[in-house]
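The values are calculated or read from the model by the stated rules, or taken from the named source; none is laboratory data. Everything numeric in this text was worked out from a predicted model, so none of it was measured. In this analysis, Cβ positions are derived from the backbone assuming ideal geometry, glycine residues included, and neighbour counts consider all displayed protein chains.
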């Protein structure tokens, strides 16, 4: 028969139970730690997914901004082109306006010259009429001068 190990065996069993309890406690702590770590990983996964969604949204927004900037650049280029065309038309209008003003001043000067010439002609005609009247008075006494006067009035020289 096997010798009885009574108190030693009991002590070893107690020690074994104590080790099992400690191991179970360690296992519980490890399970709690694992659960906490798992929750942290899940939170980080959710944060990562949210960050990826934000990154995707920012990427789309950046693409839209690039597209918008290209559209604005195209619009700016079109505006500059239209501005150049309008500037050219304005310069042409100014040149045309200056030319028309010159023509107007030339026409006014010619009209004034023609009016002055007409006044001079009228004054000359009035003087000639006056001289003819005076000549008529002088020649009315002379019959030979009467023929000259009639031929002058008739345009005969």
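Going through the range 3-33 one residue at a time, which ones are surrounded by 10 or more Cβ atoms within 10 Å (Cβ to Cβ) and either outside any helix (DSSP H, G or I) or in contact with a strand residue (DSSP E or B) (Cβ under 6 Å, 6 or more places away or on another chain) (or both)? Walk me through it before giving the result.
Step one: of the range 3-33, the residues surrounded by 10 or more Cβ atoms within 10 Å (Cβ to Cβ) are 5, 9-33.
Passing the criteria: only 5.
Does the range 72-80 include one or more residues that are in contact with a helix residue (DSSP H, G or I) (Cβ under 7 Å, 6 or more places away or on another chain), surrounded by 10 or more Cβ atoms within 10 Å (Cβ to Cβ) and either at pLDDT below 95 or assigned to a helix (DSSP H, G or I) (or both)? No; the residues of the range 72-80 include none that is in contact with a helix residue (DSSP H, G or I) (Cβ under 7 Å, 6 or more places away or on another chain), surrounded by 10 or more Cβ atoms within 10 Å (Cβ to Cβ) and either at pLDDT below 95 or assigned to a helix (DSSP H, G or I) (or both). Only a single criterion out of (1) out of contact with any helix residue (DSSP H, G or I) (no Cβ under 9 Å at 6 or more places or on another chain); (2) modelled with pLDDT of 60 or more; (3) in a helix (DSSP H, G or I) is not satisfied by residue 150, namely (2).
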